[in-house]
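Shown next, in structure tokens, is the structure this report addresses.
The values are calculated or read from the model by the stated rules, or taken from the named source; none is laboratory data. Worth saying up front: this structure is predicted, and the values here are computed from it rather than measured. No Cβ is skipped: glycine too gets one built from the backbone with ideal geometry, and neighbour counts run over all protein chains shown.
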Amino acid sequence: MSRTIIISNRLPVKISKNNGKYVLKKSEGGLATGLGDVYKNGSMLWVGWPGIDIPEKDQPEITKQLASLNLIPVFLTQEEINLFYEGFSNEVLWPVFHYLVTYARFEQVYWDSYVSVNEKFAAATQHAFNEGDKIWIQDYQLLCLPSLLREKLSNTTIGFFQHIPFPSFEIFRLIPWRDKLIEGMLGADLIGFHTYDDVRHFLSAASRLTPVTFSSNIISMGNRQIIVEPFPMGIDYDKFEKLPLKRQVLAEIDNLNSEKRGRIALSIDRLDYSKGILERIRAIELLFQLHPKFIGEISLLMVVVPSRDTVPQYKELKEKIDQLVGNINAKYRTLDWVPINYFYRSFSMETLSAMYSVADICLVTPMRDGMNLVSKEYVASRTDETGVLILSEMAGASKELNDAIIVNPNNIGDIMNAIVEALLMPVEEQRRRMQIMRSLVSKFNVKRWVSNFLSRMDDAKLLQHSLKTK
Ligand code: G6P
């Protein structure tokens with residue numbers, strides 16, 4: 001039976017230790033959900049890092065447990081976690097691809113480790129590979145992997161999807177190892193991004209840095225052709241639409257409503273400097289300064305999910321958020337109202353659903369974001385069709401969700417004006433916009449995204465075949 005091998009930096013599983021035993025819990029991330037039955041029925045294998053440092057003596061046990069879920073671990077040493085994951089992935093590629101080049105640290109040891117960990121992933125994949133399997137690689141941590149696998153498995157169909165933006169060439173060229181990264185990606189037969197702009201930037205970088213040509217969205221490289229296309233990722237719409245009907249969620253909604261004073265603007269992000277968290281808080285502060293009538297009338301419910309907190313810039317950001325929120329709350333709070341309800345932790349899907357349900361406004365204002373699925377989750381959760389989405393024009397989602405209030409996240413006054421517009425928006429207008437966005441998010445859901453990508457991989461295979469038989 002031909003299988004699909006998914007390769008991503010992290011496996012879709014959460015591992016914890018309980019009474020000396022490892023406990024595995026499948027995480028229902030977007031991709032795992034989108035794969036649906038393929039993920040469950042065994043015609044799929046998933047290669048990736050289990051996400052924690054597991055001592056060598058425990059690795060055989062974990063490997064066995066993971067095998068029963070069709071998951072194959074790539075174990076990383078603490079040094080590889082420091083240099084490949086925190087270093088090259090999150091201190092070079094992440095900031096540069098999000099246009100925050102001053103955060104980048106171009107260290108040769110990071111790059112060396114990045115290449116050797118990509119080789120480790122290649123070896124693990126090759127070991128698991130059966131003739132006829134197709135390979136789908138995910139994201140920026142594995143940019144060298146397509147060509148490493150192409151060298152070993154020359155006739156295999158390889159797809160690559162990048163979940164974060166691909167920057168304009170003038171930004172990308174700053175990376176010392178830029179040509180090696182492009183050559184790595186060009187090992188794939190199909191390369192996908194969320195938006196057409198990412199595709200355009202990639203085509204431009206590839207044609208300037210390597211001797212390839214392109215016509216429309218097809219790259220010609222020797223006797224191979226590579227399709228480069230946008231695949232805007234969706235969410236599991238049905239899940240988010242049904243969650244507010246669950247008894248537990250209904251109870252949480254009642255609870256939140258009983259404590260609600262004034263209206264609620266919600267924001268949910270991983271801790272990350274690309275998410276525009278500080279600018280958003282400043283927009284709330286500006287609102288209270290310039291429109292004091294809204295003091296006590298609107299509060300920000302802000303969830304920041306801990307992430308990459310061993311990387312220095314993330315630690316600093318956390319301190320700045322704590323300080324700014326503290327100042328604003330100290331200045332504007334009243335005895336029975338707090339301007340910013342700030343949580344630095346993660347919540348269950350049920351609690352998030354209750355938050356989406358009670359939020360009159362959802363503020364999604366990243367400085368740069370590949371797609372941003374929170375915006376889509378809010379839309380899917382608004383079963384009564386009210387609510388206003390304020391969305392950054394720098395998020396991939398803004399290319400689809402035109403009926404949000406679109407803002408420039410660098411313009412704090414613009415965000416503040418959008419909040420005022422949202423607060424004053426009549427319910428009929430909220431409904432009109434929300435209905436259009438809901439139908440779009442429902443139609444272009446994650447299952448459709450997965451099936452589109454996999455079927456384009458089949459087209460890419462036919463294209464290679466026809467070139468060989470010419
Ligand atoms: C983004 C990236 C993913 C990554 C996730 C969480 O969504 O596109 O590849 O897995 O962030 O980040 P982490 O560093 O915790 O894996």
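Per-structure values
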read-out	value
Selection within the stretch 303-320 - within 19 Å of T102 (Cβ to Cβ) and either in a helix (DSSP H, G or I) or among the hydroxyl-bearing types (S, T, Y) (or both)	P312, Q313, Y314, K315, E316, L317, K318, E319, K320
Filtered residue count, the stretch 145-160, keeping only those that are surrounded by fewer than 23 Cβ atoms within 10 Å (Cβ to Cβ) and either within 16 Å of the ligand (Cβ to nearest atom) or part of a helix (DSSP H, G or I) (or both)	5
Looking only at the stretch 378-400, and only at residues there that are in contact with a strand residue (DSSP E or B) (Cβ under 8 Å, 6 or more places away or on another chain) and in a helix (DSSP H, G or I), the one that is surrounded by the fewest Cβ atoms within 10 Å (Cβ to Cβ)	S398
Test set (1) in contact with a Leu (Cβ under 7 Å, 6 or more places away or on another chain); (2) under 23 Å from S116 (Cβ atoms); (3) among the hydrophobic types (A, V, I, L, M, F, W, C) - A206 fails condition number	(2)
Lone qualifier among L286, L300, L352, L317 - being surrounded by fewer than 19 Cβ atoms within 10 Å (Cβ to Cβ) and touching a helix residue (DSSP H, G or I) at 6+ places or on another chain (Cβ under 8 Å)	L286
Every pair of residues 6+ apart whose Cβ atoms lie under 6 Å, when the first sits in the stretch 301-323 and is at positive phi while the second is not basic (K, R)	R308/N90; R308/Y314
Test for L69: is it away from the ligand (no atom under 16 Å from the Cβ), closer than 24 Å to Q126 by Cβ and of a type in the set (A, V, I, L, M, F, W, C)	yes
Helices (runs of 4 or more DSSP H) completely within the stretch 1-102 that count 3 or more residues being modelled with pLDDT under 95	30-40, 59-67
Any chance S116 is out of contact with any Phe, Trp or Tyr (no Cβ under 7 Å at 6 or more places or on another chain) and either assigned to a helix (DSSP H, G or I) or under 30 Å from L153 (Cβ atoms) (or both)	yes
Filter result for the condition that a residue is among the aliphatic types (A, V, I, L, M) and under 27 Å from the mean Cα position of the chain (by Cα), over L290, L324	L324
Matching residues in the stretch 121-144 - criterion: being within 13 Å of the ligand (Cβ to nearest atom) and either at positive phi or part of a helix (DSSP H, G or I) (or both)	D139, Y140, Q141, L142
Out of L271, L190, L256, L203, sole residue that is within 16 Å of the ligand (Cβ to nearest atom) and of a type in the set (A, V, I, L, M, F, W, C)	L271
Near pairs, Cβ below 8 angstrom, 6+ apart or cross-chain, from the stretch 134-151 (closer than 12 Å to I182 by Cα) to any residue that is of a type in the set (S, T, Y) and within 12 Å of the ligand (Cβ to nearest atom)	Y140/S89; L142/S8
Residue under evaluation L190, criteria (1) surrounded by fewer than 22 Cβ atoms within 10 Å (Cβ to Cβ); (2) under 22 Å from the mean Cα position of the chain (by Cα); (3) not small (G, A, S), criterion not met	(1)
Unmet criterion (only one of (1) more than 13 Å from the ligand (Cβ to nearest atom); (2) surrounded by 15 or more Cβ atoms within 10 Å (Cβ to Cβ)) for S89	(1)
